[in-house]
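The values are calculated or read from the model by the stated rules, or taken from the named source; none is laboratory data. Just so we're clear, the structure is a prediction, and the values are computed from it rather than from any experiment. Cβ atoms come from the backbone with ideal geometry, glycine included; neighbour counts cover every protein chain shown.
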Amino acid sequence: MANPSGDTGTFEELAMPLFVRLYNFACWLTQNRAEAEDLVQETFMKALKGFSSFRQGTNFRAWIYRILRNTFLTSQAGLKASVSLDAEDDAPPEPSTTETPESVLLARIESETIQSALKELPVNYREIILLCDLEEMSYQEISLAIGIPIGTVMSRLSRARKAMRTLLGAKLQRAIE
Amino acid sequence: MSCDFNRDKLDAYMDESLPREALAVFEDHLHSCPTCAAEALARLQMKRATRAAAANLAQSPEFSMRPEFRLRIEKSIQKSRHSVLKNRWLPWMAVASVALLLVAVSVPMFMRHAERGEAIAELLDLHVATMASANPVDVVSTDRHTVKPWFQGKLPFTFNLPELQDSPYKLLGGKLVYFKHNPGAQLLFELRKHQLSVFIVQDQQGVMPLGAAVTASSDKGFSVETWTHAGLRYVVISDTSPTDVHSLGDLLRFAAK
């Protein structure tokens, strides 16, 4: 897990090591290579332009991911994809007794199926799973990157994973039938 | 699942985000609860499977990054950074430009001031030398019709001398001087016990960088007044008051018309 704070250096020193990961994240958000490239390019330009506002010694990764996310949400693709589920974040997670257990899912589900389920998730669920599981961000970093309280990070993540399990269960069921 | 332990902590546990105290309690529970331990393991495996599946998207043929893309970004950053740097330096460049402009303006002004001071100083020296000389003038006469003709053939210009009959000033005479290698006239006047020198030289560019208008100044206690008329530079120098110097100047200017 990356150090959540203490980033110092030039823009290139801090940003370029994140280039491939940002592109991958952009692909997941946009589901389109050209749009992902545009998103990454715009993110880098915005970040470079606003780099003077970045406080050296704070978390650069969370800062630039937030720029990418906000850029995506204000893009045409982002506006189409984003369905605000913030209202659900405050509600307690539903009981998990009806979910398909991961142990059952994992035994039968291949990587492509997980990718397919991720793509089908609402964008705010997809992004929080990616930030946590793929980027290995701490809840604190996710809170900074998305701009929501840590409690909301936890509840949204719980819902996102539940939705993921439900999608995978449905895919598994269709495969069996 | 028969365990009623708070499963909400499972996510925080596998995300390594449980507080230290809660982590110790939860791990104790996992040691004693096979159901929760299995669930925690399964979720951890799902997390890893999700990471593996998600990480491969950019390598898939559909999303694989084009080689030129990274190059394009790097070029854009360089180009934009130059622009940012240019903008960042713009205020400083503006300040530098103003400073250069000030230097460009002030240096010639300073030079002109220096040249002017140098010219006045040279004439002051001539005046002081005249005062100290046993023979202050070459043509000794109170008659302007004697003094003026004396300069004929000695100067490439001519001038008029004022009628002093009804004035407190008295013409003592004149002599030929060289100012910056150019011939000029030095006329000596008297007012009470004070003596006044009037220098008349050609107003050539660079010889004396002074304005055309009547300009009074003070230098080392001497009163100085200068002006130009009809291509000639007049400079009056005396240890008397500026008013007295100016009054003689008025007489000379009137005579020159």
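Below is a table of values for the structure above.
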quantity	calculated
Boolean, B:Pro183 is over 18 Å from B:Phe151 (Cβ atoms) and touching a residue at least 24 places away in the same chain (Cβ under 8 Å)	no
Candidate set from region A:128-155 (those that are more than 9 Å from the chain's Cα centre (by Cα), more than 10 Å from every other protein chain (Cβ to nearest Cβ) and more than 24 Å from A:Arg55 (Cα to Cα)); member that is surrounded by the fewest Cβ atoms within 10 Å (Cβ to Cβ)	A:Gly151
Test for B:Val95: is it modelled with pLDDT of 75 or more and either touching an Asp or Glu at 6+ places or on another chain (Cβ under 7 Å) or assigned to a helix (DSSP H, G or I) (or both)	yes
Residue list for region B:2-55, restricted to those being surrounded by 14 or more Cβ atoms within 10 Å (Cβ to Cβ), of a type in the set (Lys, Arg) and more than 7 Å from chain A (Cβ to nearest Cβ)	B:Lys9
Residues satisfying the stated conditions in region A:140-171, i.e. closer than 17 Å to A:Arg69 by Cα and among the basic types (Lys, Arg)	A:Arg156
Residue that is farthest from the chain's Cα centre (by Cα), among those in region A:22-64 that are over 24 Å from A:Leu79 (Cβ atoms) and part of a helix (DSSP H, G or I)	A:Ser52
Filtered residues of region B:163-175 (kept if crowded, with 16+ Cβ neighbours inside 10 Å and at pLDDT 90 or above)	B:Tyr169, B:Leu171, B:Leu172, B:Gly173, B:Gly174, B:Lys175
The listed residue being at pLDDT 80 or above, assigned to a helix (DSSP H, G or I) and within 30 Å of B:Lys180 (Cα to Cα), out of B:Ala104, B:Ala52, B:Ala121	B:Ala121
Region A:105-127, residues that are surrounded by fewer than 18 Cβ atoms within 10 Å (Cβ to Cβ), part of a loop (DSSP other than H, G, I, E, B) and modelled with pLDDT of 85 or more	A:Pro122
